[in-house]
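Engineer: Got a structure for you, written out below as structure tokens; questions coming shortly.
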Number of protein chains: 2
Amino acid sequence: MIKEFSFTLKTTENKARRGEVKTAHGTIQTPAFMPVGTAATVKAIKSCDVKNSGAEIILGNVYHLMLRPTADLIEELGGLHKFMNWSGPILTDSGGFQVMSLSKIRKTSDEGVEFSSHIDGSKHFLSPEKSIIIQHKLGSDITMIFDECVEFPATYEKAKKAMERSLSWAQRSKNAFCQRQGYGIFGIVQGSTFSDLREISAQKLIEMNFDGYAIGGLAVGEGQELMFGVLDYTSDFLPQNKPRYLMGVGKPSDIVGAVARGVDMFDCVIPTRSGRTGQAFTRNGVINIRNAKNRNDPKPLDEKCNCYACQNHSRAYLHHLVKSNEILGSMLLSEHNIFYYQDLMKEIRKRIEEKTFNEFAQNFCKSSSEYK
Amino acid sequence: MIKEFSFTLKTTENKARRGEVKTAHGTIQTPAFMPVGTAATVKAIKSCDVKNSGAEIILGNVYHLMLRPTADLIEELGGLHKFMNWSGPILTDSGGFQVMSLSKIRKTSDEGVEFSSHIDGSKHFLSPEKSIIIQHKLGSDITMIFDECVEFPATYEKAKKAMERSLSWAQRSKNAFCQRQGYGIFGIVQGSTFSDLREISAQKLIEMNFDGYAIGGLAVGEGQELMFGVLDYTSDFLPQNKPRYLMGVGKPSDIVGAVARGVDMFDCVIPTRSGRTGQAFTRNGVINIRNAKNRNDPKPLDEKCNCYACQNHSRAYLHHLVKSNEILGSMLLSEHNIFYYQDLMKEIRKRIEEKTFNEFAQNFCKSSSEYK
């Protein structure tokens, strides 16, 4: 029997929340980090190893998949889960952010966005209705509404206009969404760094009654302090009984700080992108594996990590692979980083259960060497 | 107790041989294919997956490893087995072929070869003694003598001179080799396509009493027919009680044809290099996964293959990954190809045991579509 799409808040510590999201393809323990599988692959990692990391949900992208291989093809082949061999839940981004950040030329109207593919320049059109249909074809457990994103910094007027258009698109997205047992649709709160806009956006979305609420328009260059400031008030505008998803975030300390401010779900390319550029996240800070001091270091990246790289290979070996531009270097570092992120989320969940999260968060941000 | 380095010929069918090589790090069933781990990695495959493919021995390269990360560093870190996390036997190529084919500038004298690194242009020197010391530092189970390779085609005079120098270098290599339980050194028969040179080379090497004999100077552009011609007579010059290794070969039909001519061991970059360029070997011939007909094909690459890609992914998905330049495409195709090669070797070994190898070989070469 497929269960209802649901969210259960199990316990809290101040604003930090320990919860559970149930979907058609399984249950997600929150706070959760979703590895990004942009083009139907978490880059340089087999899906079995993504699963082994402890990840319970991954993210796919409407923008990339509609261009290549197309939503129709994925539907013909049985949906995104089957296509990429991922049997757990999948959340898909609606394409709103990518048409803004990746496409070459675009023309936005109330109807939707006309844009040119970054791959071959071909013309495409995305609207709320079209994005929702694509996400339906992909078979997403969690569909995101199609929104209009603004750059940072944005003027108040521009942020207000985009937020209002996003509200109208949110309603059209919800109308186009096909309700099915275990499948949900999330609204996206916009409003840039303006608290009154964020409040209006949240209120109107709540009136539309979504299955969860994302916070969009952050992690676009505003910096951690400003982002935390927006989260401080925005999470208060959101209902307790629905999951909250901070889109595109972030570095480990961003995640810890956002959990402290009431966020339940995250996605970010940082662990895999860093892996491909020779950066490893560890319990003792960030390692740039290209650094000469790793040349003859027999230690693993992280003594406490259970990933394949840490169980079987030295920093010296990884240094050699990355310096030699060997694909295996990208593979091992990406997989390690995904393990690190999942271990971090496990620790966060445990700490909230034990009511020691705030202490953990304070120490984590103090000792974090990721900015060194 | 570490065993002697030994070769046992278990059974034969005409010239085809079914044997077993014992080394310090384990036993190799022959005919055997050795995946190439040039720079201490079988490209784009984790060592655990190389092992899962059924490979019992892999190959490393003196030339690449002496330049980066250096033999001294690998020795300091416990040897090549530990460095790259491969607990089975390792054979190392002496560098003779690579200084000829890869280095930028070189000056060959009776003493050795002075050359410039293809990586950074730095000057280096390789001699029989130096190559053997490097292979000792790496901890190779099977050390190859340092030889002088000539291009194809070579004049008789040039081939003769290089063969004679290689004989002198073979003796110096043997003298420099440190005998240890379970470790062996192979001579390399040279002489290009001239049968009298091949015969002299083989005879003189046999007098030096190596643990195995390689056939070098083939797979350098002479074509399959000419290569088979050289094997037809060269294998007759070699003793029955030692393993025979055809260096740098080859495509599946090359291997089947060479086994029929009495060869026991092979290495080649084809399975991994092809994997990185979108080519897959299957029981029904070669698939170019980029071909448009794979775009919506839900079948695996090879219905009978037990590799991760064939068990979990469709041709359509692999087509998408390769077209999208996703690293996972290179990973899955490389691993598949290594599995295919190991399955082929298993089939060859079984057929020789059952005395049905000749029939298999004839059908294989007829049905092989690799040249289509």
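Engineer: Quick check: pseudo-label points 7 Å beyond the Cα along Cα→Cβ at residue B:226 and residue A:10, how many nm apart are they?
Structural biologist: The two pseudo-label positions are separated by 7.0 nm.
Engineer: Right, another one. Determine the order of A:327, A:185 by accessible area, beginning with the largest, at a probe radius of 1.4 Å. Write out the running numbers ahead of the final one.
Structural biologist: Values: A:327 40, A:185 0 Å².
My answer, sorted largest first, is A:327, A:185.
Engineer: Separate question: How much accessible area does residue A:242 have with a 1.4 Å probe, in Å² rounded to the nearest 10?
Structural biologist: 40
Engineer: Quick one: how many lysine pairs does segment B:1-159 have with C-alpha atoms less than 15 Å apart and a gap of 8 or more or different chains? Give me the count, please.
Structural biologist: Number of lysine pairs found: 8.
Engineer: With n ≥ 4 as the cut-off for DSSP H runs, can you work out [θ] at 222 nm for the protein assembly as shown, using -39500 (n - 2.57) per run divided by the number of residues, rounded to the nearest 500?
Structural biologist: -12500 deg cm²/dmol
Engineer: With the contact rule set at Cα under 8 Å and sequence spacing of 6 or more, what percent relative contact order holds for chain B?
Structural biologist: For chain B, the relative contact order is 18 percent.
Engineer: May I pose another question? For residue B:282, what residues show an amide H to amide H distance below 5 Å, using hydrogens built from the backbone and excluding near sequence neighbours?
Structural biologist: Amide H to amide H, under 5 Å and 5 or more residues apart or across chains, residue B:282 pairs with B:287.
Engineer: Please turn the phi angles of segment B:43-59 into ³J(HN,Hα) values with the Karplus equation 6.51 cos²θ - 1.76 cosθ + 1.60 (θ = phi - 60°), one per residue in order, whole Hz, x for glycine and proline.
Structural biologist: 3, 6, 10, 5, 4, 5, 7, 4, 5, 4, 5, x, 4, 10, 8, 10, 10
Engineer: What does the protein assembly as shown give for Rg and for Dmax, in Å, if only its C-alpha atoms count?
Structural biologist: According to the Cα coordinates of the protein assembly as shown, Rg and Dmax are 29.9, 92 Å.
Engineer: Next question, about the same structure. Any chance you could look up the accessible area of residue A:277 with a 1.4 Å probe, heavy atoms only, rounded to 10 Å²?
Structural biologist: For residue A:277, the solvent-accessible surface is approximately 90 Å².
Engineer: For a paramagnetic label modelled at 7 Å from the Cα of residue A:296 toward its Cβ, which residues of segment A:319-361 fall within the zone defined by backbone nitrogen distances under 16 Å?
Structural biologist: Residues passing the 16 Å test: A:319-320.
Engineer: Evaluate the charge dipole of segment B:199-277 about its Cα centre and quote only its size in Debye, nearest 20, assuming +1 on the Cβ of each Lys and Arg and -1 on the Cβ of each Asp and Glu.
Structural biologist: 320
Engineer: On average, how many beta carbons from a partner chain sit within 10 Å of the beta carbon of a residue in A:305-315?
Structural biologist: Across the residues of A:305-315, the mean count of other-chain Cβ atoms within 10 Å is 2.
Engineer: For segment B:211-244 and segment B:301-323, write down the distance between their C-alpha centroids in whole Å.
Structural biologist: 35
Engineer: Whole number in Å², please: accessible area per residue of chain B, 1.4 Å probe, ligands, DNA and RNA not counted.
Structural biologist: 38
Engineer: Taking θ as phi - 60°, what are the ³J(HN,Hα) couplings along segment B:256-266 by the Karplus curve (6.51, -1.76, 1.60), each to the nearest whole Hz, with x for Gly and Pro?
Structural biologist: For segment B:256-266, the Karplus-derived couplings read 4, x, 6, 4, 4, 9, x, 8, 10, 9, 9 Hz, x marking Gly and Pro.
Engineer: Placing the label point 7 Å from Cα along the Cα-to-Cβ direction, what are the distances from residue A:165 to the equivalent spots in the other copies, shortest first, in nm to one decimal?
Structural biologist: Those label-point separations list as 7.2 nm.
Engineer: What's the long-distance tail for chain B, i.e. % of Cα pairs beyond 36 Å?
Structural biologist: Above the 36 Å cut-off, chain B has 19 percent of its Cα pairs.
Engineer: Let me cross-check residue B:149: its accessible surface, 1.4 Å probe, with only protein heavy atoms counted, in Å² to the nearest 10?
Structural biologist: 20
Engineer: Place a label point 7 angstrom from the Cα of residue B:325 along the Cα-to-Cβ direction, then list the residues of segment B:271-315 whose backbone nitrogen is under 15 Å away.
Structural biologist: The answer is B:277-278, whose backbone nitrogens lie closer than 15 Å to the label point.
Engineer: Residue-wise, which Karplus ³J(HN,Hα) couplings in Hz belong to segment B:29-42, taking 6.51 cos²θ - 1.76 cosθ + 1.60, θ = phi - 60°, and x for glycine or proline?
Structural biologist: 7, 10, x, 10, 10, 9, x, 8, x, 2, 9, 6, 7, 6
Engineer: Measuring nothing but label to label, 7 Å from Cα along Cα→Cβ, what are residue A:120's distances to the other copies in nm, shortest first?
Structural biologist: Values, ascending and in nm: 4.3.
Engineer: For the protein assembly as shown, give the magnitude of the charge dipole about the Cα centre (Cβ charges: +1 Lys/Arg, -1 Asp/Glu; no others), in debye to the nearest 20.
Structural biologist: Values: 94 positive and 84 negative charges, 28 e Å.
Dipole size: approximately 140 debye.
Engineer: Further question on the same structure: Nearest 20 debye, what's the magnitude of the dipole of segment A:173-229 about its Cα centre given +1 on Lys and Arg Cβ and -1 on Asp and Glu Cβ?
Structural biologist: 300
Engineer: One-quarter of the Cα convex hull surface for segment A:1-102, in nm²?
Structural biologist: That works out to 8.2 nm².
Engineer: Taking chain B as the reference, fit the longest principal axis to its C-alpha atoms, fit the long axis of helix B:128-138 to the helix C-alpha atoms, and give the angle between the two in degrees, 0 to 90, nearest 10.
Structural biologist: Once rounded, the angle reads 50 degrees.
Engineer: Go ahead and run the numbers for FRET between residue A:304 and residue B:209, Cβ-Cβ distance against an R0 of 41 Å, rounding to 0.05. Please list the in-between numbers first.
Structural biologist: Values: r = 52 Å, r/R0 = 1.27.
Step by step, r from the Cβ atoms, then E = 0.20.
Engineer: Then there is this: Find out how many positive minus negative residues lie around residue A:261, taking Lys and Arg as positive, Asp and Glu as negative, among other residues whose Cβ is under 9 Å from that of residue A:261.
Structural biologist: Around residue A:261, the charge tally is 0.
Engineer: Name the residues whose placed amide hydrogens come within less than 5 Å of the amide hydrogen of residue A:194, ignoring near sequence neighbours (fewer than 5 apart) on the same chain.
Structural biologist: Residues meeting the amide H criterion: none.
Engineer: Further question on the same structure: Testing the spin-label approximation: label points 7 Å from Cα along Cα→Cβ at residue A:312 and residue B:346. State their distance in nm.
Structural biologist: The answer from the label model is 1.9 nm.
Engineer: Using a label point 7 angstrom from Cα along Cα-to-C-beta, what distances in nm, from shortest up, separate residue B:355 from the other copies?
Structural biologist: 8.1
Engineer: Right, another one. Search the structure for amide H atoms under 5 Å from the amide H of residue B:30, placed 1.01 Å from N in the peptide plane, and list their residues when 5 or more places away or on another chain.
Structural biologist: Counting only residues 5 or more places away or on other chains, the set is B:19, B:20, B:21.
Engineer: Once each part is reduced to its C-alpha centroid, what is the distance from segment B:31-107 to segment A:12-43 in angstrom?
Structural biologist: Using only Cα atoms to place each centre, the spacing works out to 41 Å.
Engineer: For the residue pair residue A:233 and residue A:181, what label-to-label distance in nm results when each label sits 7 Å from Cα along the Cα-to-beta-carbon direction?
Structural biologist: 4.4
The values are calculated or read from the model by the stated rules, or taken from the named source; none is laboratory data. Note that the coordinates shown come from a computational prediction; the quantities given were computed from them, not determined experimentally. Don't worry about glycine lacking a Cβ; one is built from the backbone with ideal geometry, like all the others, and counts go over all protein chains shown. When the accessible area is computed, the model is the full protein with side chains, heavy atoms only, and any ligands, DNA or RNA have been set aside. Shrake-Rupley method; radii C 1.70, N 1.55, O 1.52, S 1.80 Å.
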